[in-house]
Amino acid sequence: MAHHKSALKRIRQNEKRRLQNRYYKKTARTAIKNLRELKDQAEALTFLPKVVSMVDKLAKRGNIHRNKASNLKSGLMRHVNALAQA
């Protein structure tokens with residue numbers, strides 16, 4: 001157990017941030033899943049910017065690597081564009 005006041009505070013902050021990070025990451029994963037399930041291109045085009053924004057924020061915060069964010073966005077955009085041909 002920590003003995004210093006600052007160490008106790010750091011433990012509290014870490015736990016709080018861990019829970020926030022889990023929430024943001026899970027929310028983005030669910031949004032990505034929902035976007036991939038969409039079959040209507042118009043609907044997907046309106047939802048895509050929101051999902052891309054979520055992914056960018058995760059990368060900015062360091063929850064996911066910036067290259068993973070880029071790959072996710074690329075795949076999602078390819079999916080939305082493929083809906084036009086279908």
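The table for this structure:
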| item | result |
| --- | --- |
| Scan of the range 39-71 for residues that are over 16 Å from LYS25 (Cα atoms) and either in contact with a His (Cβ under 7 Å, 6 or more places away or on another chain) or of a type in the set (A, V, I, L, M) (or both), ordered by number | ALA42, ALA44, LEU45, LEU48 |
| Residue count, the range 40-51 (criterion: surrounded by 17 or more Cβ atoms within 10 Å (Cβ to Cβ) and within 12 Å of the chain's Cα centre (by Cα)) | 1 |
| Condition check for MET54: without any contact (Cβ under 8 Å) to a residue 40 or more places away in the chain, among the aliphatic types (A, V, I, L, M) and surrounded by 15 or more Cβ atoms within 10 Å (Cβ to Cβ) | yes |
| Where a residue in the range 3-22 is under 18 Å from LYS57 (Cβ atoms) and its partner, wherever it lies, is at pLDDT 95 or above, with Cβ under 6 Å and at least six apart | ASN21/ASN63 |
| Residue list for the range 1-39, filter: surrounded by 10 or more Cβ atoms within 10 Å (Cβ to Cβ), part of a loop (DSSP other than H, G, I, E, B) and not small (Gly, Ala, Ser) | LEU38 |
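The values are calculated or read from the model by the stated rules, or taken from the named source; none is laboratory data. These figures come from a predicted structure and were not determined experimentally. All Cβ positions, glycine included, derive from the backbone under ideal geometry; neighbour counts span all protein chains shown.
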